1. Among the residues of the stretch 13-29, is there at least one that is on the phi > 0 side of the Ramachandran plot and either crowded, with 18+ Cβ neighbours inside 10 Å or not β-branched (Val, Ile, Thr) (or both)?
2. Out of the stretch 30-67, which residues are closer than 16 Å to Tyr104 by Cβ and not in a helix (DSSP H, G or I)?
3. Please specify each residue of the stretch 143-195 satisfying the condition of being in contact with a Gly (Cβ under 9 Å, 6 or more places away or on another chain) and of a type outside the set (Gly, Ala, Ser).
4. Evaluate the stretch 77-85: report whether one residue or more is among the hydroxyl-bearing types (Ser, Thr, Tyr), surrounded by 22 or more Cβ atoms within 10 Å (Cβ to Cβ), at pLDDT 95 or above and outside the structural domain of Gly156 (by TED's automatic domain parsing).
5. Residue by residue through the stretch 161-187, note down the ones that are under 21 Å from the mean Cα position of the chain (by Cα) and either free of Cβ contacts under 8 Å to residues at least 12 places away in the same chain or in a loop (DSSP other than H, G, I, E, B) (or both).
6. Among the residues that make up the stretch 98-110, is at least one of them part of a helix (DSSP H, G or I) and either exposed (fewer than 15 other Cβ atoms within 10 Å of the Cβ) or free of Cβ contacts under 8 Å to residues at least 60 places away in the same chain (or both)?
7. Within the stretch 74-88, is there a residue that is touching a residue at least 60 places away in the same chain (Cβ under 8 Å), under 18 Å from Glu16 (Cα atoms) and touching a strand residue (DSSP E or B) at 6+ places or on another chain (Cβ under 9 Å)?
Amino acid sequence: MDMMEQKLNWMEKYDEVQDVARKTGKPILLFFHSHHCSGCKMMIEKTLPTRDVVLHAGHRFALGMFEISEPGNKDLVKKYNVEWTPTFIIADKDGSEAYRFVGYLPPKDFRAQLILGEGKVSMRNEDYDKAISCFETIDKKYPETEAAPEAAYYTGVAQYKKTNDAKMLKNAHIYLSRKYPESDWAKKAFAWSGL
């Protein structure tokens, strides 16, 4: 854990995390873990210390790490309904959850999830250009990850919200049905096929 703490500035007090987020405008990344969790240990030892993760998470998020069994963290665990560890929650600067993912991920998949979360925060803030940029980045740089079909789906959603043009949704359906035909996101986008 020392290696990670030297590279990422994880705060252990939620109020401090929120203060940093509000002052910087950065989204919040909350990491809920347990000392007895093998997935948490792997995240701490293998994924979080990698250069790309440190650069990405360290520069683009206000970071909070919380051990779920600590008495001082019980209210936060309840607030965010943390049922399993590791749980990562991406929230806007006010702490409103925009995205979550649970379980161990290798660095490339973890970064894709972080970018997806950034896109979801941008959607919430109605910054559709930034959301589209995030989602398209996943599709271009991380097409083999589980985040990619979801990102392609939300690219269509963000484009539609930006333009109010239903063709954007239909285009997303076509793209998903060709690139990720077996994904749940392609199935969900099928509703747009008749637009």
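1. yes
2. Phe31, Phe32, His33, Ser34, His35, His36, Cys37, Leu48, Pro49, Thr50, Met65, listed by residue number.
3. If the condition is that a residue be in contact with a Gly (Cβ under 9 Å, 6 or more places away or on another chain) and of a type outside the set (Gly, Ala, Ser), then Tyr154, Thr155, Met168, Leu169, Lys170, Asn171, His173, Tyr175, Leu176, Trp192 are the ones that fit.
4. The answer is yes, given that some residue of the stretch 77-85 is among the hydroxyl-bearing types (Ser, Thr, Tyr), surrounded by 22 or more Cβ atoms within 10 Å (Cβ to Cβ), at pLDDT 95 or above and outside the structural domain of Gly156 (by TED's automatic domain parsing).
5. Selection gives Tyr180, Ser183.
6. yes
7. There is at least one residue in the stretch 74-88 that is touching a residue at least 60 places away in the same chain (Cβ under 8 Å), under 18 Å from Glu16 (Cα atoms) and touching a strand residue (DSSP E or B) at 6+ places or on another chain (Cβ under 9 Å).
So that you can scan it fast, the table gives a plain yes or no per residue for (1) in contact with a strand residue (DSSP E or B) (Cβ under 7 Å, 6 or more places away or on another chain); (2) not aromatic (Phe, Trp, Tyr); (3) not assigned by TED's automatic domain parsing to the domain that holds Gly39:
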site: Ala98; (1), (2), (3): yes, yes, no
site: Gly119; (1), (2), (3): no, yes, yes
site: Ala131; (1), (2), (3): no, yes, yes
site: Asp139; (1), (2), (3): no, yes, yes
site: Tyr142; (1), (2), (3): no, no, yes
site: Ile174; (1), (2), (3): no, yes, yes
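The values are calculated or read from the model by the stated rules, or taken from the named source; none is laboratory data. Not measured: the values here are computed from a predicted model. No Cβ is skipped: glycine too gets one built from the backbone with ideal geometry, and neighbour counts run over all protein chains shown.
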